[in-house]
Structure formats: C-alpha cells, structure tokens
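The values are calculated or read from the model by the stated rules, or taken from the named source; none is laboratory data. Because the structure is a prediction, the values reported are computed rather than measured. Cβ atoms come from the backbone with ideal geometry, glycine included; neighbour counts cover every protein chain shown. These accessible areas exclude ligands, DNA and RNA; they are computed on the full protein's heavy atoms, side chains included. Shrake-Rupley method; radii C 1.70, N 1.55, O 1.52, S 1.80 Å.
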Amino acid sequence: MSSFVGLLRRAKNIVRWNLMSQFQPENVAVHSYEVSIISHLLVCNWKNSVWKDVNPERMACLGLYHESSKNLLGDFLGPVKHANRNIRNAIKDLEREIEESLIKKIPAPLSTVMAPYICQNKEGLEAELTKAADEIAAFIKAKEEVEKGNVDFQSTYKKIARHQ
C-alpha cells in the first residue's frame, strides 16, 4: 500500500503544459484536485434535473484519480500524444497497463474498491463528465494565463473556447 501512495504522491512533481511558459506552473496533483472539484460541482448542480443517477461523490473520486497513470509515465507532450491515431492509441494502451500495475500495488480487498477509480471506464456518462471537467480545468488554466499576458496559451484558449 505504501508504494501505491508513494507513486500517487509523485503527482506534485509532474509538470503539466511542460512545453509552455507559465506564470503559475501547474502540476498533475493540482490539476487532479481541480478536476475532482469541477466533476463534483457539475453533478451536484444538475443532480435533481439532468443526472439523477450520477453520484457526485463518485464523480469527485473519478476526477481525483483520472490522471493516475501519469504518476509513472509523466505528462506526454500534446504534439506527440496527438500526432496521429496510432500514437494516441499506443499511449492509451500504455496508460491502461500502468493503471493496472498501480492496482496490483494495493492489497485486496481495497484493490477491488479502488480499481474502478484507477482503471476508469472510458465510455459512458461518467467518462464524458470527467472529460468535460478535465477540459473545463484546462480552459480555466488557459484563460488565467492569457489574462496575465501569456501568449503561449492563446491558441489553447481559443481552441478550447471553440470546442465548448
């Protein structure tokens, strides 16, 4: 168990947006925290009208662990990760292998409880909501950097704003 916790603690050392200058550097730990909050708030806000069957606390946990593989892999550069479908699929496969190896570091029966949070289902409403929260977090980061005059984030900000 201590090796699992140790690996997750690495998140604070993994820099996101590592090719871009940043006024406020962001790491995977901060990003995961923000995605967790956004996921939780999205579902809480719409719980009684739209997403009645979605558990806000579960969404918070999915947001918290959505980048777990990066604790071993680091954060792949966007231009590399999105260069083509073959590379993107190979990285997804590698991330899944890393997630499965993380689960093996957790003793049973806790590993059974944690597996769905670490090895997340990439299909369905929960996956879509986690992805939306991830994009909202990226949008907020880009907007903050642009507002401080950081031109490195202008194209990212515009791209995400068009996608919203």
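Condition check for Pro107 on (1) more than 20 Å from the chain's Cα centre (by Cα); (2) open to solvent by 60 Å² or more (accessible area, probe 1.4 Å); (3) under 30 Å from Phe23 (Cα atoms): one failure, at (3). Mind counting the residues in region 5-32 that are assigned to a helix (DSSP H, G or I) and surrounded by fewer than 16 Cβ atoms within 10 Å (Cβ to Cβ)? The qualifying residues number 6.
When Val113, Val35 are checked against the criterion of being assigned to a helix (DSSP H, G or I), open to solvent by less than 30 Å² (accessible area, probe 1.4 Å) and β-branched (Val, Ile, Thr), Val35 stands alone in meeting it. Here the condition is being crowded, with 18+ Cβ neighbours inside 10 Å and at pLDDT below 95; of Ile118, Ile160, it holds for Ile160 alone.
Just one of the listed residues (Glu128, Glu145, Glu135) is of a type in the set (D, E, K, R) and free of Cβ contacts under 8 Å to residues at least 24 places away in the same chain, namely Glu128. Restricting attention to region 46-71 and to residues that are under 14 Å from the mean Cα position of the chain (by Cα) and of a type in the set (A, V, I, L, M), the residue that is surrounded by the most Cβ atoms within 10 Å (Cβ to Cβ) turns out to be Met59. Just one of Glu97, Glu123, Glu144 is at pLDDT 90 or above, over 13 Å from the mean Cα position of the chain (by Cα), part of a loop (DSSP other than H, G, I, E, B) and not aromatic (Phe, Trp, Tyr); which is it? Step by step, each of Glu97, Glu123, Glu144 is checked, and only Glu123 is at pLDDT 90 or above, over 13 Å from the mean Cα position of the chain (by Cα), part of a loop (DSSP other than H, G, I, E, B) and not aromatic (Phe, Trp, Tyr). For region 121-148, the set of residues classified as open to solvent by less than 30 Å² (accessible area, probe 1.4 Å) and over 18 Å from His163 (Cα atoms) consists of Glu145 only.
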